[in-house]
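Coordinate-derived values only; no laboratory data. Note that the structure is a prediction, hence the values are computed from the model and not measured. So basically every Cβ, Gly included, is an ideal-geometry build from the backbone, and we count neighbours across all protein chains shown.
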Ligand SMILES: C[S@@+](CC[C@H](N)C(=O)[O-])C[C@H]1O[C@@H](n2cnc3c(N)ncnc32)[C@H](O)[C@@H]1O
């Protein structure tokens, strides 16, 4: 197997249940906080392989989910699972240009591609009256992270801030924060355990480029397990003021 770095990255990042930390309880919490109606129109932006769609439909059983992502093989996986379900529309699209209006825009681990303030600015017009954006964003829990944690996040998200910094970015977009919650260890393990299994399955045939990507993922997982008191994901539910 030969591969370039991008090909190697997407060799690892496919056929996984999700592409970032998250668990069903996060969506139940956000829906309750937002008093989401059971008929809610929802968008799952940056949906990845669609790991959150079934829970979104659980919290709004008479609702609808528009699941969109820019990455073709994630969208192909979501289509395979959901194309026969009339409650789900699947789109390969840019989250900067979402259409229609929603009671909840759900964005798990993808808002940083746009930036919090920029994303909320862009999505304001796509919210129904009373509608919310619920997003998870990587977040420092300490002002003095270890060198190892700093090195990881300098590479992945150089602009990463703390809870006060995320709230300031929400305020700057003219939104109010209804509530926040740190993602649990179970939410992280729900991402990392399947990723570890995929690393183990790919390792025997991996070439140099893929080994580099696998090694980086192993370090990311080990860093979180060793330093999870220093960083995590903050889930925020916000609404235009
Ligand atoms: C960290 S993954 C999270 C995926 C999913 N929400 C989950 O939790 O499993 C981020 C996702 O954002 C998508 N993405 C990045 N930029 C995007 C854009 N401009 N428009 C749509 N999707 C985008 C990526 O393709 C990827 O699937």
Requested in this report: Report the residue, chosen from 118, 80, 41, that carries the largest GNM mean-square fluctuation when the chain is represented by alpha-carbon nodes joined by springs under 10 Å.
Outcome: 80
Report task. Express in whole angstrom the spacing between the alpha-carbon centres of region 179-241 and region 1-79. Result -> 16
Report summary line: Listed residues 34, 93, 197; largest mean-square fluctuation, Gaussian network over the chain with Cα springs below 10 Å, found at 197
Query raised in the report: Using the beta-carbon distance between residue 39 and residue 184 and R0 = 30 Å, what value does 1/(1 + (r/R0)^6) give for FRET efficiency, to the nearest 0.05?
Result: 0.55
Report summary line: With a ≥ b ≥ c from the Cα gyration tensor eigenvalues, square-rooted, and the rule rounded for a/c under 1.5, otherwise prolate when a/b > b/c and oblate otherwise, region 85-148 is prolate
Query raised in the report: Distance in nm between label sites at residue 147 and residue 200, each 7 Å beyond Cα in the beta-carbon direction?
Result: 3.2
Requested in this report: Give me the number: length gained by fully extending residue 76 to residue 216, i.e. 0.36 nm times residue separation minus the C-alpha to C-alpha distance, one decimal in nm.
Outcome: 47.8 nm
Query raised in the report: When the helix-only estimate is applied to the chain (DSSP H runs of n ≥ 4, each -39,500 (n - 2.57), divided by the residue count), what is the mean residue ellipticity at 222 nm, nearest 500 deg cm²/dmol?
Result: -13000 deg cm²/dmol
Query - Radius of gyration, Dmax [region 106-241; alpha carbons; angstrom] - result: 16.9, 53
**Report entry** Residue of 17, 204, 37 that the Gaussian network model of the chain assigns the largest fluctuation, springs spanning Cα pairs under 10 Å
**Finding:** 204
Report summary line: Taking Cα atoms only, helix 24-33 is inclined relative to the longest principal axis of the chain by an angle, in degrees rounded to 10, of 30
Query raised in the report: Stretched out fully, how many nm does the piece from residue 168 to residue 154 gain, at 0.36 nm a residue minus the Cα gap?
Result: 3.0 nm
Report summary line: Among beta bridges assigned by DSSP with both residues in the chain, the antiparallel ones amount in percent, to the nearest 5, to 40
**Report entry** the chain: C-alpha gyration tensor shape, a/c 1.5 cut-off, then a/b vs b/c
**Finding:** oblate
Report summary line: Bridge orientation stat for region 119-241 from DSSP, antiparallel percent rounded to 5, came to 90
Report summary line: Simple SL model, points at 7 angstrom along Cα→Cβ for residue 15 and residue 96; separation in nm is 3.3
Query - Modelled FRET efficiency - R0 30 Å, residue 7 with residue 83, Cβ distances, 0.05 increments - result: 0.70
**Report entry** For region 85-103 versus region 146-178, the gap between their alpha-carbon centres in whole angstrom
**Finding:** 26
